[in-house]
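The values are calculated or read from the model by the stated rules, or taken from the named source; none is laboratory data. None of the values given here were measured: they were computed from a predicted structure. All Cβ positions, even for glycine, are placed from backbone atoms using ideal geometry, and neighbour counts span all protein chains on display. With ligands, DNA and RNA removed, areas are computed over all heavy atoms of the protein, side chains included. Shrake-Rupley method; radii C 1.70, N 1.55, O 1.52, S 1.80 Å.
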Amino acid sequence: MSHHPAALLAGIDVPTMHSFLSRCRITRHTRPQKIITQGDGLDHAYLVIGGAVEITVMDESGNCLLAHLSQAGEVVGEVELLSRRPCVASATVRAGSTLARFDKALLRAHVPAERLLENLSGLLHARLSRDNMLHLTALFCSSEDRIRRHILLLTTPDAPRTDISQTDLAAFTGCSRQTVNRTLAQLRDEGILRLTRGSITVLDRKRLQRLRAPTDGP
């Protein structure tokens, strides 16, 4: 957690963080497991300590979209927990992941109300910014740019690695697996990315940000 600080818990000191984590229910998952179901109520949320949680959304026709991949330091379900509203998506923890489960009382006991409001507002602002960028990317960018921008969204300068498969990246970007493979190979050969099985590490973020491919044809 020192490498992936939780934005929802920002501003609390180390002893308070230790106290919070010691009172959470820590679960280690050896196989995939659905932890949140779209439409259900929620009396707890999850802090991702290690691994990842897939966030999926399903429409009335049964079409399913992989909407986000929550990684270490992110919290899943906090908006529904605090708003008392039904879950807007489902969440499935990936094998090999570690989560800390907590309820509203535990969160409020360790994060002052003003700080919690500021942290939650910051999270919602970041998600709004991300969603706006994804909409613009989907409408106006080439396949290569969509792939590049999603990699940037899934990483940060302090956490340049994301554990994601090429299949999942293809689902996020709406590109074919072949296009993802070709684009990643090119970025690897240019020294911008390092690819390992199931993960991508950004080696040169500035160059990745500057790249722009020609837009796709109609």
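Collect the residues in the stretch 49-64 that are touching a residue at least 40 places away in the same chain (Cβ under 8 Å) and more than 24 Å from R25 (Cα to Cα), keeping them in residue-number order.
Matches in the stretch 49-64: none.
One line per residue, one yes/no per condition, for (1) touching a strand residue (DSSP E or B) at 6+ places or on another chain (Cβ under 9 Å); (2) polar (S, T, N, Q); (3) touching a residue at least 12 places away in the same chain (Cβ under 8 Å):
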{"site": "T16", "(1), (2), (3)": "no, yes, yes"}
{"site": "R28", "(1), (2), (3)": "yes, no, yes"}
{"site": "K34", "(1), (2), (3)": "yes, no, yes"}
{"site": "S70", "(1), (2), (3)": "yes, yes, yes"}
{"site": "L82", "(1), (2), (3)": "yes, no, yes"}
{"site": "A91", "(1), (2), (3)": "yes, no, yes"}
{"site": "S97", "(1), (2), (3)": "yes, yes, yes"}
{"site": "D103", "(1), (2), (3)": "yes, no, yes"}
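Among the residues that make up the stretch 165-173, is at least one of them outside any strand (DSSP E or B), at pLDDT 95 or above and either of a type outside the set (D, E, K, R) or open to solvent by 50 Å² or more (accessible area, probe 1.4 Å) (or both)?
no
Is there a residue being under 23 Å from S199 (Cβ atoms), surrounded by 16 or more Cβ atoms within 10 Å (Cβ to Cβ) and not acidic (D, E) anywhere in the stretch 8-27? Working first, answer last.
Taking the stretch 8-27 first, the residues under 23 Å from S199 (Cβ atoms) are 27.
Next, only the ones that are surrounded by 16 or more Cβ atoms within 10 Å (Cβ to Cβ) stay: none.
The answer is no, given that none of the residues of the stretch 8-27 is under 23 Å from S199 (Cβ atoms), surrounded by 16 or more Cβ atoms within 10 Å (Cβ to Cβ) and not acidic (D, E).
Restricting attention to the stretch 143-161, which residues are assigned to a helix (DSSP H, G or I), open to solvent by less than 20 Å² (accessible area, probe 1.4 Å) and touching a strand residue (DSSP E or B) at 6+ places or on another chain (Cβ under 7 Å)?
Listed by number, the list holds a single entry, I151.
For the stretch 36-95, give me each residue that is among the acidic types (D, E), more than 21 Å from L107 (Cβ to Cβ) and out of contact with any helix residue (DSSP H, G or I) (no Cβ under 9 Å at 6 or more places or on another chain).
Result: D59, E60.
Within the set of pairs 6+ apart or on separate chains, which have a first residue in the stretch 163-184 that is free of Cβ contacts under 8 Å to residues at least 12 places away in the same chain, a second that is crowded, with 19+ Cβ neighbours inside 10 Å and among the β-branched types (V, I, T), and C-beta atoms under 7 Å apart?
Filtered contacts from the stretch 163-184: A170/V180.
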